[in-house]
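The values are calculated or read from the model by the stated rules, or taken from the named source; none is laboratory data. Predicted, not measured: the structure shown is a model, and the values here were computed from it. Positions of Cβ are generated from backbone atoms using ideal geometry, with glycine treated the same way; all protein chains shown enter the neighbour counts.
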Amino acid sequence: MRTAIIGGGIAGLAAAYELEQARRAGNKVEYTLFESRDRLGGSLSSEVVDGAVLERGPDSFLTEKPAAAELCRELGLGAELTPSNDADRKTYIVVRNRLVPLPDGLMFLIPTKLIPTALTRLFSLPTKIRMGLELLIPPRPTGLPDESVAALVERHFGRETVDRLADPLLSGIFGGDSAQLSARTVLPRLVEMEEEYGSLTRGMLAAHRKMRARMKDAAKARGAANGPAQTNSRPAMRSIFTAMRGGMNQLVDALVARLDPASVRLSTSVTGLEKSADGWTVVAGGKSEVYDAVILATPAWAAGELLGRIDPQLAVELRGIPYSSSITINLIYDETQLGHLPDGFGFLVPVVEGRSMLACTFVHRKFLGRTPPGKVVLRAFLGGMKNEALMAAPDEVLVATVRRELSEILGEKVLPQSAQPEYAQVSRWPRAMAQYAVGHQERMARIHPRVAALPGLKLAGNAYDGIGIPDCIRLGRKAAKELLATSF
Ligand SMILES: Cc1cc2nc3c(=O)[nH]c(=O)nc-3n(C[C@H](O)[C@H](O)[C@H](O)COP(=O)(O)OP(=O)(O)OC[C@H]3O[C@@H](n4cnc5c(N)ncnc54)[C@H](O)[C@@H]3O)c2cc1C
């Protein structure tokens, strides 16, 4: 089987790795990985500058989704997995230029602890009263149409909760706008809870109780199996995020090292795709080649361009998946230039604050051992659906804007505007983050049968069933496995 993989981001690399494993196992498999840029990895890109690991794109992945850590272990990178420093985990929200910590007991946007919610400065008194009354909301009928995350949260907790909590938390993950993101896709557990309990707070508390009971039972079962000496042992807490000790390029480099170099074509955009009785004709670099199968691991808008002549309706659906652009700015400072940064991992900036920055991570705190002693690394995240114009601003303007906003938010004493970063790195990610807009699941239900009607075609990447690295790896490997399963 000859397969063309189009797009060498993490999804395409994971697919290529899976096919390479099958080839090495003696199966008749050939593949070509086409990547339009001069490097592989797509959004995954890191650099080590003066001993500091700087991530241009993603800095970590969610530990609870196993596909990424599993792949790292398979590649011999188990010892390089670095947990986030959760002992110091504290995140702030900027409210009128002041940093307000997220209240204790917040689960998936839902406040579950009375006293921290009552005392927080994040919400006004009317919002707090509304949060209390939320407990009385009755279950919602099932099967209602999808709605935006903003609409769901506003119905339960009011507009202020959307502006100060849902929007900043989601723009930190999707670079997205809660008024557009699909509640059913992005927060499916909350939609289910609403149908079962009505009140999301009651639903979350019930889920928490069930989880604790399950953990207790599991601990008891372990105790019974291990004998009395082990019964007091606590299950190890897992960190929320996992990073690579030397940066995301470690994962990319390890994958690339496993591939057959003759099968990888860098700086080669696929410009045309045709379906014929022989299979799939791929046009790239002025040449046409025929393959039995194609894994489209490009962003959905690029996949839509390539499929336009093969299935115009499928192309329309793929091009209809919105994308947002983002910018990351890493600044390295000598710690003598700064006052004491607030404890924690960093802060989120609600759009209503009217700033360019959406978030800032205190990198040296979030992952220990990746910044040299005496240095501070601040990473700002800009862009999102409401801020596309920033993409065109020159680097110097972006760096100056971030330095000014950091001083205004953290205070002159903590970060004087005169403090000069030793290094500043700007990275732009145009149309890189898919947005699961309202109706995403219905769109996917229209896309799946059309793809299934084109034998040998698979889609992989962040546009379909999970935005993060683990989901992209899972989908890339799954696409390759499905092709292997149908051809042998
Ligand atoms: C700034 C930023 C921060 C993020 N932070 C996190 C995080 O902390 N944790 C997390 O889990 N996820 C994070 N994400 C999301 C995650 O990184 C991405 O969703 C994921 O890497 C996307 O992988 P992909 O392979 O689907 O697409 P991409 O990485 O976009 O790769 C697609 C590739 O296809 C190539 N291509 C396009 N058209 C063609 C063509 N015609 N011919 C050949 N090649 C083509 C492109 O050049 C590109 O390399 C972040 C994303 C960004 C941008």
**Complete:** Selection over region 397-436 where residues are surrounded by fewer than 15 Cβ atoms within 10 Å (Cβ to Cβ), under 19 Å from Phe362 (Cβ atoms) and either touching a helix residue (DSSP H, G or I) at 6+ places or on another chain (Cβ under 6 Å) or of a type in the set (Gly, Ala, Ser) (or both) yields a count of 1
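Tell me, which residue of region 38-62 that is of a type in the set (D, E, K, R) and surrounded by fewer than 20 Cβ atoms within 10 Å (Cβ to Cβ) is farthest from the ligand (Cβ to nearest atom)? First the steps, then the outcome.
If we filter region 38-62 for residues that are of a type in the set (D, E, K, R), which is where we start, we get 38-39, 47, 50, 55-56, 59.
If we keep only those that are surrounded by fewer than 20 Cβ atoms within 10 Å (Cβ to Cβ) as well, we get 38-39, 47, 50.
Working: Asp38: 10, Arg39: 8, Glu47: 14, Asp50: 22 Å.
Per the criteria, the residue is Asp50.
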**Message:** For region 143-185, give me each residue that is free of Cβ contacts under 8 Å to residues at least 24 places away in the same chain and in contact with a Leu (Cβ under 7 Å, 6 or more places away or on another chain).
**Reply:** Leu170
**Prompt:** Looking only at region 399-437, which residues are under 23 Å from the mean Cα position of the chain (by Cα) and of a type in the set (A, V, I, L, M, F, W, C)?
**Reply:** Val402, Val426, Trp429, Ala432, Met433, Ala434, Ala437
**Request:** Can you give me the number of residues within region 166-198 that are over 30 Å from Ala389 (Cβ atoms) and surrounded by fewer than 19 Cβ atoms within 10 Å (Cβ to Cβ)?
**Result:** 6
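Test Arg443 against the stated conditions and say whether it is within 21 Å of the chain's Cα centre (by Cα), at pLDDT 95 or above and more than 16 Å from the ligand (Cβ to nearest atom). Working first, answer last.
On the way: within 21 Å of the chain's Cα centre (by Cα): yes; at pLDDT 95 or above: yes; more than 16 Å from the ligand (Cβ to nearest atom): yes.
It is true that Arg443 is within 21 Å of the chain's Cα centre (by Cα), at pLDDT 95 or above and more than 16 Å from the ligand (Cβ to nearest atom).
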**Asked** Any residue in region 114-126 that is in contact (Cβ under 8 Å) with a residue 40 or more places away in the chain, closer than 24 Å to Ile409 by Cα and in a loop (DSSP other than H, G, I, E, B)?
**Response** yes
**Asked** List, please: which pairs have Cβ atoms under 6 Å, are six or more places apart or on different chains, and start with a residue in region 68-85 that is more than 10 Å from Met244 (Cβ to Cβ) and end with one that is modelled with pLDDT of 95 or more and assigned to a helix (DSSP H, G or I)?
**Response** Leu71/Ile473; Leu75/Ala254
**Among (1) within 17 Å of Ala453 (Cβ to Cβ); (2) polar (S, T, N, Q); (3) within 11 Å of the ligand (Cβ to nearest atom), the one test that Ser324 misses** = (1)
**Asked** Considering only residues of region 148-161 that are β-branched (Val, Ile, Thr) and buried (at least 24 other Cβ atoms within 10 Å of the Cβ), which is farthest from the chain's Cα centre (by Cα)?
**Response** Val153
**Request:** Among residues belonging to region 235-267 that are within 22 Å of the chain's Cα centre (by Cα) and assigned to a strand (DSSP E or B), point out the one that is farthest from the ligand (Cβ to nearest atom).
**Result:** Met244
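What's the total number of residues in region 19-37 that are near the ligand (Cβ under 10 Å from one of its atoms) and either surrounded by 18 or more Cβ atoms within 10 Å (Cβ to Cβ) or more than 25 Å from the chain's Cα centre (by Cα) (or both)? Don't jump to the end; show me each part of the working.
Applying the first criterion (near the ligand (Cβ under 10 Å from one of its atoms)) to region 19-37 yields 33-37.
From the residues that got through so far, the ones that are either surrounded by 18 or more Cβ atoms within 10 Å (Cβ to Cβ) or more than 25 Å from the chain's Cα centre (by Cα) (or both) too are 33-35.
Looking only at that region, the number is 3.
To keep it simple, each residue is scored yes or no on (1) out of contact with any Gly (no Cβ under 6 Å at 6 or more places or on another chain); (2) without any contact (Cβ under 8 Å) to a residue 12 or more places away in the chain.
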| residue | (1), (2) |
| --- | --- |
| Thr328 | yes, no |
| Gly346 | yes, no |
| Ala359 | no, no |
| Leu368 | yes, no |
| Pro394 | yes, yes |
| Arg404 | yes, no |
| Ser418 | yes, yes |
| Arg431 | yes, no |
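Do we find a residue being assigned to a loop (DSSP other than H, G, I, E, B) and either in contact with a helix residue (DSSP H, G or I) (Cβ under 9 Å, 6 or more places away or on another chain) or modelled with pLDDT of 95 or more (or both) anywhere in region 159-172?
The initial filter retains those residues of region 159-172 that are assigned to a loop (DSSP other than H, G, I, E, B), namely none.
No: zero hits.
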